[in-house]
Amino acid sequence: MKQREAARIALVVCVLCHVVRLTTGTACAEPQWRVMAGVTARPISFQFQPQPFEHWDGLVEVYEDLGTLGIVSGKNSYNTPIEYEDGEAYVVYSGGTAKFSGGSELSGNPYDTVIFHVRQYSPPQAVVPLPASSDAIGLGPYVMVARQLSRSDQKGVLELIGRYSVVKGRCSDGWTTRQQIVQDEATYEILYEMLPRIYIGDGHWSSHVLIYDPDAFARDYIIQLEEPDRRRPPRDPEVSLVEMRQVEVDGLVAYGNPSLRLYLHEVTIGLAYFRPLWRGLSMSIMCGPTLNIVDWDYSEDIQWSLESSQEPLVSYSGHGDGIEYIVGGLAELGLEFRNDPDSRFFMHMSVSYHYLSDISVSTQISEVKADATSFSGSVGFGIAL
């Protein structure tokens, strides 16, 4: 592998020199070359996205509806207790005749109110698993060839730059993520009117009577109040949505064990402004487009477990490899230091910003997005020819 990489670098240097020579031609009577080589370091971020686990149905306990929007609708029970937050009410029979108690107990507005809280749930559904993140530092060699094009001022020089670098990124850190199982929960309030006391005949009275069928109630019962002008039929039940939210039923946990190898080859042809600063110290600013060749190999083992019981469910394995070609851009600020201002040999240091779109690699069970848009640092040595 090392011999292959060395051969690639030597070939790229020859190609870059040839391209620079053909491009500059004889534009300068005394062309000046600079050749640099060294080591570059570049961070790469990885996001692991497993495929959703689909065979969870029947493994989790789901929420069931608490009551219905017609909690007492359609019932014809006689004095059936209905529980609510503040006590107990009774469903009154929708047929027959009865009288309300008169006197001070029902003077004014005779109706009290009672509120039932009802919760309804949607069928459970799985949420896409959250991605897991990991970072790596890619290391590798770089080679840069520069040739003078022209002098832009008394000291500054415009150069044509050819640059090649390759960094190797590896990621074998285990990761963990989870997939939620959720339901939509809707909470409703149902407001009924209620009578404190009612006479139902045969010497019997009922207290806290819930009126769930106002029409039948107004038709079948004789209302006797001390203040007839304030009589009115009971209102229809009022239903209002109080809250809509998503609740988690359970979770599925994925444990990943990746083995990802990525070689990122970058070829740049750009322009640079080179200028001596002070006593052997020089500065260069370079920018240009890049061609990125990504050679990747990716293997992954994933185990799924149920979060509530920690019980392993299933394990999967996958593998993939490939090559991608991505166009990007590069901007670089470089410094050169010569121990002797007249020396042809120098030390080269630079900070570069690399831009390219995300690199996508995948297997049958997961996908990885590698973000190589980042700053890099390089250090090396060069010679002026």
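Among all residue pairs at least 6 apart or on different chains, which show Cβ distances below 7 Å where the first residue, located in segment 245-260, is open to solvent by 70 Å² or more (accessible area, probe 1.4 Å) and the second is outside any strand (DSSP E or B)? From residues that are open to solvent by 70 Å² or more (accessible area, probe 1.4 Å), the pairs are 255/174; 257/174.
Residues that are touching a residue at least 24 places away in the same chain (Cβ under 8 Å) and part of a loop (DSSP other than H, G, I, E, B) were ranked within segment 356-372; the one that is most open to solvent (accessible area, probe 1.4 Å) is 364. Taking each residue of segment 48-61 that is touching a residue at least 24 places away in the same chain (Cβ under 8 Å) and looking for partners that are exposed (fewer than 13 other Cβ atoms within 10 Å of the Cβ) and part of a loop (DSSP other than H, G, I, E, B) with beta-carbon atoms closer than 7 Å, six or more apart or interchain, yields 52/128.
Considering segment 146-184 alone, what residues qualify as being loosely packed, with under 14 Cβ neighbours inside 10 Å and basic (Lys, Arg)? Within segment 146-184, 151, 155 qualify. For segment 98-120, taking the residues that are open to solvent by 40 Å² or more (accessible area, probe 1.4 Å) and either under 30 Å from residue 181 (Cβ atoms) or under 30 Å from the mean Cα position of the chain (by Cα) (or both), the one that is modelled with the lowest pLDDT is identified as 117. For segment 281-322, taking the residues that are among the small types (Gly, Ala, Ser) and crowded, with 16+ Cβ neighbours inside 10 Å, the one that is farthest from residue 42 (Cα to Cα) is identified as 305.
Once segment 121-144 is narrowed to residues that are of a type in the set (Val, Ile, Thr) and either buried (at least 17 other Cβ atoms within 10 Å of the Cβ) or at pLDDT below 90 (or both), the residue that is farthest from residue 258 (Cα to Cα) is 143. For the subset of segment 127-152 comprising residues that are within 38 Å of the chain's Cα centre (by Cα) and in a loop (DSSP other than H, G, I, E, B), which member is nearest to residue 268 (Cα to Cα)? Once the filter is applied, the top-ranked residue is 131. I'd like to check something: does segment 337-346 contain any residue that is surrounded by 14 or more Cβ atoms within 10 Å (Cβ to Cβ) and either in contact with a Gly (Cβ under 6 Å, 6 or more places away or on another chain) or in a loop (DSSP other than H, G, I, E, B) (or both)? Scanning segment 337-346, I find at least one residue that is surrounded by 14 or more Cβ atoms within 10 Å (Cβ to Cβ) and either in contact with a Gly (Cβ under 6 Å, 6 or more places away or on another chain) or in a loop (DSSP other than H, G, I, E, B) (or both), so the answer is yes.
Considering each of 273, 353 in turn, give the residue that is open to solvent by 40 Å² or more (accessible area, probe 1.4 Å) and touching a residue at least 60 places away in the same chain (Cβ under 8 Å).
None of the other options fit; the residue is 273.
Looking at segment 206-244, which of the residues that are assigned to a helix (DSSP H, G or I) and open to solvent by 20 Å² or more (accessible area, probe 1.4 Å) is modelled with the highest pLDDT?
The initial filter retains those residues of segment 206-244 that are assigned to a helix (DSSP H, G or I), namely 214-220, 228-230.
Narrowing the set further to residues that are open to solvent by 20 Å² or more (accessible area, probe 1.4 Å) leaves 215, 218-220, 228-230.
Details: 215: 68, 218: 61, 219: 59, 220: 57, 228: 49, 229: 48, 230: 47.
Checked segment 206-244; the qualifying residue modelled with the highest pLDDT is 215.
The values are calculated or read from the model by the stated rules, or taken from the named source; none is laboratory data. Just so it is clear, the model here is predicted, and its values are computed rather than measured. Methodologically, a virtual Cβ is constructed for each residue, glycine included, from the backbone with ideal geometry; neighbour enumeration extends over all protein chains shown. Surface accessibility is based on the protein's heavy atoms, side chains included, excluding ligands, DNA and RNA. Shrake-Rupley method; radii C 1.70, N 1.55, O 1.52, S 1.80 Å.
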